[in-house]
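Read through the structure below, which is laid out as structure tokens, and then see the notes.
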Amino acid sequence: MSIKPNQKKFLADLDNAVDNFIDNSNNYYNNIIAITHNDADGISSLKIVQNLLYKMNLEQDFFIYNRSSSWAAYLKGILPKSHDRKNAFIFTDIGSSLTELIPIISSRKEDFYILDHHEVEDKVDLDDLPQNLFFVNPTIHGYDGLDHIAGATLAYMFAKRIKPTIIKQGWLTVIGIAGDSLRSMDKLKSFNKDVYEEIVNEEIIHDKEGLILFGAMNDNVKNGLKNSILPFVKDYGGENDLKIKSLLSELDIDPNKKIIDLNPAEINSLLNKTHISKGNYAIIPQNQGLLQYAFEHALLLNILSFKNISSALSIIQQKSITRDAQGIYSEYINTLSSNLKILSKELPHIETKKAIFIDAGNGKIPPSNWSDTASFSTVNELLNPNKMLFLGGLEKKTQMMKLSIRCSRIYLNSHEGNGVNNVISKIKDNFGGMGGGHKLAGGLRLSIPSYNKLKENVDNLL
Ligand SMILES: [Mn+2]
């Protein structure tokens, strides 16, 4: 995280993978198997690759990996019995667990292309990768996988080098960027920024400036203040209509006016009264309704990916949202904004010097929402960003404490990059339990006695 990005080395890896893919496609590849991650970034990356393969007249298949099984178990059902070099594999937005993957790839004759932006956590000698693996990962050259380059940005850069007309599919890239970066478009950096500007200049995406109420940009200002999850609007998020309407009437703003139609005077009066900011957001011009808004589109894909992956894959091909999907989206965003209100106003916090424990159990927040509530409370800095968050409760079926653990980037910077994954390993070493995660987010199941010990000793572990 502290090393300076080495653009030359990263682009050399990318160009090497591209050159090999072109050469080998001309010579012996015939069928390409694409494997991707089950979220908005993964699905948009997959669609970009599928478009590329179509343009190259290559046969294709795809699979979606949700990380619930090991790579060995998962790939067993996918890798053909015969090792035929006419098959090749492209992994997008996934595939950085190299200690698991290298033995599998080494034992195969086919070529594997991994285009991923997740950090390589395993102790792997990157100078000694199998000959048949083309590993393109900007994080090993000092880039930040969230701020600098989304999975879809990397897939786009790969595909566009081979077929420049891929730029027409740039709207897919922007969905991936919006889903992973959780930032307004004016805050994009590095390759995310360059690629976004390129796609906007080509008018594939329209960039607009206005009030940022992500999660509800497609809605009216009343619902926007209530349901925005980025930012979560203090004092109004998750609140009842009455409270929000009285603010809007005080400001002389029609509560049913669309957020995107607010005039500069109305925007300014809202900026003065709340903690909202102005920023840039992306519009997908060929779509209608919610699917026009890149952030909301990505959020919908993320929600659907966990519920029903085939509906996520189908909606990204549609121009307008189905009633069913709209219903799922509305329920999700209403629940999340109301949970964020409950978390910041009602739930008791136990704070130690370095940690915050929040018991969301006993029906206060449904267990299926613990993870998203924890994530968005951290992203919105609803709690002290200098402390690590442990949110969860007793899980009925296992009789264990199920915890969503989160920290902010501020926390990471002041703890030398020792984030959530590190703390989870220490907890497992000291008190047992099951779980894992990344720097900013992870999950853990602990017995009740272990949970109590954790609460007593947490400051010594952090
Ligand atoms: Mn991603």
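From the residues in the stretch 32-50 that are charged (D, E, K, R) and either part of a helix (DSSP H, G or I) or more than 14 Å from the ligand (Cβ to nearest atom) (or both), which one is farthest from Phe306 (Cα to Cα)?
Lys47
Results for (1) within 25 Å of Glu346 (Cα to Cα); (2) touching a strand residue (DSSP E or B) at 6+ places or on another chain (Cβ under 9 Å); (3) modelled with pLDDT under 95, shown as yes or no for each residue.
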{"position": "Ser368", "(1), (2), (3)": "yes, no, yes"}
{"position": "Ser375", "(1), (2), (3)": "yes, yes, yes"}
{"position": "Pro385", "(1), (2), (3)": "yes, no, no"}
{"position": "Leu389", "(1), (2), (3)": "yes, yes, no"}
{"position": "Leu412", "(1), (2), (3)": "no, no, yes"}
{"position": "Ser425", "(1), (2), (3)": "no, yes, yes"}
{"position": "Gly433", "(1), (2), (3)": "no, yes, yes"}
{"position": "Gly437", "(1), (2), (3)": "no, yes, yes"}
{"position": "Tyr451", "(1), (2), (3)": "yes, yes, no"}
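Counting only residues that are away from the ligand (no atom under 16 Å from the Cβ), at pLDDT 90 or above and either polar (S, T, N, Q) or buried (at least 16 other Cβ atoms within 10 Å of the Cβ) (or both), how many does the stretch 112-131 have?
So the count comes out to 5.
Taking the stretch 207-226, which residues are in a helix (DSSP H, G or I) and surrounded by fewer than 24 Cβ atoms within 10 Å (Cβ to Cβ)?
If the condition is that a residue be in a helix (DSSP H, G or I) and surrounded by fewer than 24 Cβ atoms within 10 Å (Cβ to Cβ), then Lys222, Asn223 are the ones that fit.
Just to be sure I understand, how many residues within the stretch 60-111 are free of Cβ contacts under 8 Å to residues at least 12 places away in the same chain and crowded, with 17+ Cβ neighbours inside 10 Å?
The total comes to 1.
If you check every pair at least six apart or on different chains, which have Cβ atoms under 7 Å apart with a residue in the stretch 436-453 that is without any contact (Cβ under 8 Å) to a residue 60 or more places away in the chain first and a residue that is among the β-branched types (Val, Ile, Thr) and assigned to a loop (DSSP other than H, G, I, E, B) second?
Qualifying pairs under 7 Å: Arg445/Thr398.
What pairs can you find where one residue is in the stretch 120-131 and under 14 Å from Pro103 (Cβ atoms), the other is surrounded by fewer than 14 Cβ atoms within 10 Å (Cβ to Cβ), and their Cβ atoms are less than 6 Å apart, with a gap of 6+ or different chains?
Asp122/Thr99; Pro130/Ser106
Which of the following residues is more than 16 Å from the ligand (Cβ to nearest atom), over 22 Å from Pro164 (Cα atoms) and in contact with a helix residue (DSSP H, G or I) (Cβ under 7 Å, 6 or more places away or on another chain): Pro80, Pro5, Pro103?
Pro5
State whether one or more residues within the stretch 85-95 are of a type in the set (Lys, Arg) and more than 16 Å from the ligand (Cβ to nearest atom).
Going through the stretch 85-95, the residues of a type in the set (Lys, Arg) turn out to be 85-86.
Then drop every residue that is not more than 16 Å from the ligand (Cβ to nearest atom), which leaves 85-86.
Yes - at least one qualifying residue is present in the stretch 85-95.
Which condition from (1) within 16 Å of the ligand (Cβ to nearest atom); (2) closer than 14 Å to Phe158 by Cα is the one that Ala12 breaks?
That leaves (1) as the condition not met.
Might you let me know whether the stretch 182-198 holds any residue that is in a strand (DSSP E or B) and either polar (S, T, N, Q) or within 16 Å of the ligand (Cβ to nearest atom) (or both)?
The first filter runs over the stretch 182-198 and keeps only residues in a strand (DSSP E or B), leaving none.
There is no residue in the stretch 182-198 that is in a strand (DSSP E or B) and either polar (S, T, N, Q) or within 16 Å of the ligand (Cβ to nearest atom) (or both).
Being within 27 Å of Leu299 (Cα to Cα) and away from the ligand (no atom under 16 Å from the Cβ) narrows it down to one residue among Tyr74, Tyr28; which is it?
It is Tyr74.
Given the residues Ile149, Ile90, Ile64, which is the only one that is under 23 Å from the mean Cα position of the chain (by Cα) and in a loop (DSSP other than H, G, I, E, B)?
Among Ile149, Ile90, Ile64, only Ile149 is under 23 Å from the mean Cα position of the chain (by Cα) and in a loop (DSSP other than H, G, I, E, B).
How about the stretch 323-433: which helices (runs of 4 or more DSSP H) wholly inside it have at least 2 residues that are free of Cβ contacts under 8 Å to residues at least 12 places away in the same chain?
Here the list reads 323-345, 420-431.
Looking at the stretch 158-181, which of its residues are within 14 Å of the ligand (Cβ to nearest atom) and closer than 15 Å to Val49 by Cα?
Leu172, Thr173, Val174, Ile175, Gly176
The values are calculated or read from the model by the stated rules, or taken from the named source; none is laboratory data. On a predicted model such as this, the values are computed, not experimentally measured, just so you know. We place every Cβ from the backbone using ideal geometry, glycine too, and count neighbours over all the protein chains shown.
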